[in-house]
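Step one of this worksheet: look at the structure below.
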Amino acid sequence: MQNPIQKSGAKILVVDDRTDNLTSIEAILEKDGYTIVKANSGRSALKVLLSDHDFSLILMDVRMPDLSGYETATIIYEREKLKSIPIIFITAHSYDEDFIFKGYRMGGVDYIYKPINPELLRAKVAVFVELYTKNQQLQLQEKKLLAANDYLQKEIEEKKASEERIKLLNEQLISNNESLKQMNEELDQFAYMASHDLQEPLRKIQVFSDKILRNNNFDPDSEKYFGKIISSSKRMQNLINNLLDFSRHTVSSNDFKLIPLKELIRNALAELEVEIEKNNAKIFCEELPVVSVVPGLMQQLFYNLFSNAIKFRKTGEDLVVNVKSEKMDPGELSNFIKHTANRNFYKITVEDNGIGFDNKYTEDIFRVFKRLHSYHEFEGTGVGLSICKKIIEKHGGFITAKSKIGTGSEFIIGLPETN
């Protein structure tokens, strides 16, 4: 009879009080590559198992002096680490069913009868060693699965905790945004009211200073000082008007109209007609798109840009301004704005040949009250471009600039295409 399953490397504990039986069993099993450990009594077997419990199978004689096989099996199975090792009892007699049942009740898995049939012994040993090995593998796999389950459980708990934290942060962010929105609205309202209330006393300063200057003969120094008062009050009035413009720019969806940009530019140029003629400025405008905008605000944006170009023109050289338009490439668009909701954008450029500025100030020029030149060099309040930025942001677009000192500036406006 051929051995159906060969499991080499497994350790087997053989327990018998007779040396010849131990030697015989070892000889039968050694050809299958098992590691055989021999014990000549129940107590000797227990001593071995105290330090070594890595056995795949125990072959144990039933009838032994001092401790029988059944008694030894009972003690073995009292230890948790040894409970999974199968025991095959070896006996020289065929006992009745009650005696056989007693062996199974003690934890035995099978019997081998003497005289031992070598092929039968090898077959049974191979089967139980394989079962033990598979059982150990399953237990190991179970431990791995339990460990993986614990890890996943912790991951789930951490994810839930992270989601809770994110939820709380989002709620806090929404709350902060609402508070910020309310504060901005209150600030705009305050700026409007404060600027409006400052207008009246400022007008009185201008009117009374002008009357005193006209109705009285003053020495040159006094006239000079009154002139400074009137000049400063006019500058203050310009600043207040700009603040009023800056604070008024709140819009709703009903304010948007579909209108050609070229029409708004013509209106802005009409307002600047005197300044354009006085400075011999030339402003050229190519075909521009029809877009959905708030007409008054968009006209103000172009007015500020043209006014800025006239102000910062080169001395002794005619000012030339070119306005162009093209559809923006998605790759180029991503350099200016991250989230566009898959909308297409127009790129409007306003390019001049003025004095220019250092590119490192590109972001600064759009900040409120930020000036790159002193008031004595160029008049202004430093609010015009910040108003442009606020207007374009109300339209879901962007504005930036490129420049070089001495060669002029290019203002780049991105406006969403009307669907």
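The values are calculated or read from the model by the stated rules, or taken from the named source; none is laboratory data. As the structure is a prediction and not an experimental result, all values here were calculated from the model. So basically every Cβ, Gly included, is an ideal-geometry build from the backbone, and we count neighbours across all protein chains shown. Protein only, heavy atoms only, side chains kept; ligands, DNA and RNA dropped before computing areas. Shrake-Rupley method; radii C 1.70, N 1.55, O 1.52, S 1.80 Å.
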*Could you tell me whether Gly107 is under 60 Å from the mean Cα position of the chain (by Cα) and among the small types (Gly, Ala, Ser)?*
yes
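Among the candidates Tyr111, Tyr70, which residue alone is open to solvent by less than 30 Å² (accessible area, probe 1.4 Å) and assigned to a helix (DSSP H, G or I)?
On the way: Tyr111 fails: assigned to a helix (DSSP H, G or I).
The match here is Tyr70.
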*Per-region count, region 388-403, residues of a type in the set (Lys, Arg), within 13 Å of Pro416 (Cα to Cα) and in contact with a strand residue (DSSP E or B) (Cβ under 6 Å, 6 or more places away or on another chain)*: 0
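Can Ile36 be described as open to solvent by less than 50 Å² (accessible area, probe 1.4 Å) and either under 26 Å from Gln136 (Cβ atoms) or modelled with pLDDT of 90 or more (or both)? Break it down stepwise before answering.
Details: open to solvent by less than 50 Å² (accessible area, probe 1.4 Å): yes; either under 26 Å from Gln136 (Cβ atoms) or modelled with pLDDT of 90 or more (or both): yes.
Yes, satisfied.
Conditions (1) in a helix (DSSP H, G or I); (2) more than 15 Å from Ile88 (Cβ to Cβ), marked per residue:
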position: Ile12; (1), (2): no, no
position: Asn21; (1), (2): yes, no
position: Ile25; (1), (2): yes, no
position: Ile28; (1), (2): yes, no
position: Leu46; (1), (2): yes, yes
*Among the residues of region 265-291 satisfying the criterion of being open to solvent by 50 Å² or more (accessible area, probe 1.4 Å) and in contact with a Leu (Cβ under 8 Å, 6 or more places away or on another chain), which is modelled with the lowest pLDDT?*
Asn280
_Of all residues being within 27 Å of Val383 (Cα to Cα) and either touching a His at 6+ places or on another chain (Cβ under 9 Å) or among the charged types (D, E, K, R) (or both) in region 191-220, which is modelled with the lowest pLDDT? Just the residue, please._
Asp197
*Would you point out which residue out of Ile5, Ile75, Ile58 is at pLDDT 90 or above and either open to solvent by 10 Å² or more (accessible area, probe 1.4 Å) or acidic (Asp, Glu) (or both)?*
Ile75
